[in-house]
Amino acid sequence: MGSKLFIFIEGDDDERFFNRIIKPMFENKYETVKLWKYAQETNEKISKFLNSIQAMNADYIFVADNNGSPCITDRKQRIENDFKNIDKNKILIVVREIEGWYLSGIDDGSSKKFGIKSFHNTEHINKSAFNDLKPKKFSSRIDFMSEILKLFCIDTAKKKNGSFSYFVENYV
């Protein structure tokens, strides 16, 4: 492993989650862990950044939501088609969307505290389903997400979301 790790994430919801939950997992393995939001960037700029990371001999993980692909292999292939210089072993697909990872980390007691349904599996959760769950006491989904992260349990999340478990077991 290199001394620097770059984690490519899609947007603000990913940034909140990765800053609070994922980044600390890597801080003993790397001197520097940087998140890089790519959703608003051009494919050309992303490819150039991938080349730069490889030139500095740093590591990276490219995280993407499943985004309705029929399977993880299909989604990875679409990313490889977009970025010819990407290492397919460094692509991590979140099933189904990052909102599922948020909900995976709350146990039955926390779900009850929030007044929401408890899930045994969160791999079907998308943005719309997450937004529908937001209790009225939270003024925004961002507030709701922040409160979830305060109660987030990694072991619970590994049981409720296979892609989260795969990530922790294979990348951390």
For segment 16-38, check the following and say yes or no: at least one residue is open to solvent by less than 80 Å² (accessible area, probe 1.4 Å), more than 17 Å from the chain's Cα centre (by Cα) and among the charged types (D, E, K, R). no
Among Ser110, Ser52, Ser128, the single one that is within 30 Å of Glu31 (Cβ to Cβ), open to solvent by 10 Å² or more (accessible area, probe 1.4 Å) and small (Gly, Ala, Ser) is Ser52
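Working carefully through the options Glu44, Glu80, find the one that is loosely packed, with under 13 Cβ neighbours inside 10 Å and more than 15 Å from the chain's Cα centre (by Cα).
Values: Glu80 fails: loosely packed, with under 13 Cβ neighbours inside 10 Å.
Answer to the selection: Glu44.
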Give Ser139, Ser165, Ser118, Ser104 a once-over and let me know the one that is within 13 Å of the chain's Cα centre (by Cα) and over 14 Å from Phe17 (Cα atoms). Ser165
Taking segment 83-107 as the search range and keeping residues that are assigned to a helix (DSSP H, G or I) and out of contact with any helix residue (DSSP H, G or I) (no Cβ under 6 Å at 6 or more places or on another chain), which one is most open to solvent (accessible area, probe 1.4 Å)? Asn89
For segment 163-170, does any single residue satisfy the condition of being small (Gly, Ala, Ser), farther than 30 Å from Lys48 by Cα, open to solvent by 40 Å² or more (accessible area, probe 1.4 Å) and in a helix (DSSP H, G or I)? no
How many residues does segment 131-143 contain that are of a type in the set (Ser, Thr, Tyr) and open to solvent by less than 60 Å² (accessible area, probe 1.4 Å)? 1
Every residue from segment 144-162 that is open to solvent by less than 20 Å² (accessible area, probe 1.4 Å) and of a type in the set (Gly, Ala, Ser): Ala157
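The values are calculated or read from the model by the stated rules, or taken from the named source; none is laboratory data. Here the structure is a predicted model, which is why all the values come from computation and not from measurement. So basically every Cβ, Gly included, is an ideal-geometry build from the backbone, and we count neighbours across all protein chains shown. Surface areas here come from the heavy atoms of the whole protein model, side chains and all, with no ligands, DNA or RNA. Shrake-Rupley method; radii C 1.70, N 1.55, O 1.52, S 1.80 Å.
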